[in-house]
Amino acid sequence: MAAEAVAAVEIHGALARLRRATGLPVAFGGLVEPGRPRIRISELSGTVTPALRALAVTSGNGLGGKAVALARPCAVTDYSRSRQISHEYDVPVAAEGLCSVVAVPVVVRRQVRGVLYGALRTAQPLGDRTLGAAVAAARDVEQALVVREEARGLLAAARLAEPDAAGPGPGAAWEQVREAHAALRALAPRITDPGLRADLLAACGLLAAPRPAGGVSLAPRELDVLSWVAAGATNAAVAERLGLRPETVKGYLRSAMRKLGTHTRGEAVTAARRAGLLP
């Protein structure tokens, strides 16, 4: 699926969650067009007219354009009368009957990638709960996009490394793959979307060699720890990366070594690679 299509799917899901969490009657959003300082409204939830569909909102104009330009959430209680925004889009907003509106940018690596809107058909303050839910929905989209892009980068790096039949060779390219593999495994437990988490772990699994039937199996946290050890991290660094205590890291490492039948960290990493557990 193309990156733009993936992002659109994530935005659509976030809008549905936003409406469920807040009771807002209308939510909509879209992506920043590549190479242009504007967003295109593509995803609608709860609308009753086509007035907003495919609307192009230029950075700095209207509420969404202001959110794009400032890279922060913006809200108005009465859109058509607000002095805080410009009014290039009053006609489609009025056609949909919207009054109170919040716009939250989706920011990935300091770049605005899209905007989520939530709206009421009455002129009343949206409240902190609604604003917080809108921000949380945008953060969900941001996290999903970051993870998917990291996974694509991981697989691309794996292809560049070009392991041969005897297994991956040394070199900077493959070491980058191993570091990325460890970082993504560390990120996976923090992903709330089970489908996205499964996709990420599947992408990590593609980097390892095929596992022999009846081979050694490690617990997820044991594999997380060993991934960072393979990337050259100390126990203290692993603990910081994974949000664990150093003693806990040592316990997972000892357990992994016991299962692999090894006595040192280096032997454990080598055995895990031979077992197809690590790239």
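Computed extension gain for THR49 through ARG274, at 0.36 nm per residue and net of the alpha carbon distance, reaches 75.1 nm. On a per residue basis, the convex hull of the C-alpha atoms belonging to the stretch 3-141 measures out at 93 Å³. Here's how it looks for SER86: its modeled amide H is under 5 Å from those of GLY62, which are all 5 or more places away or on a different chain. With the crude spin-label approximation of a point 7 Å out along Cα→Cβ, what separation in nm comes out for ARG20 versus ARG254? In this crude label model, ARG20 to ARG254 measures out at 4.3 nm. Summing Lys, Arg as +1 and Asp, Glu as -1, what charge do residues with Cβ under 13 Å from the Cβ of TYR79 carry, TYR79 excluded? So the environment of TYR79 carries a net charge of 0.
Our estimate of slack between ARG81 and ALA56, defined as 0.36 nm per intervening residue step minus the Cα-Cα distance, is 6.9 nm. Applying 1/(1 + (r/R0)^6) with r as the Cβ-Cβ distance of ALA183 and ARG36 and R0 = 25 angstrom yields a FRET efficiency of 0.20. Please identify which residues in the stretch 95-125 have an amide N closer than 19 Å to a label point set 7 Å out from the Cα of ALA69, following the Cα→Cβ vector. Within reach of a label on ALA69, which here means backbone N under 19 Å from a point 7 Å along Cα→Cβ, the stretch 95-125 contributes 101-107, 111-117. Between ALA123 and THR264, what's the calculated FRET efficiency when r is the beta-carbon distance and R0 is 45 Å? Round to 0.05. Once rounded, the FRET efficiency stands at 0.05. Evaluating 6.51 cos²θ - 1.76 cosθ + 1.60 at θ = phi - 60° for every residue in the stretch 108-123, the Karplus couplings come out as 10, 6, 6, 10, 6, 9, x, 9, 10, 10, x, 8, 10, 8, 10, 8 Hz, glycine and proline recorded as x. Sorted from greatest to least, the principal axis extents spanned by the alpha carbons of the stretch 225-279 come out as 27, 20, 14 Å.
Charged neighbours of MET257, selected by a Cβ distance under 9 Å, balance to +3 (K, R count +1; D, E count -1).
All of the numbers you see were taken from the coordinates with simple rules; none came from a lab. Computed from a prediction, not measured in an experiment: that's the story for all the values here. Using ideal geometry, Cβ is built from the backbone for each residue, glycine included, and neighbour counts are taken over all protein chains shown.
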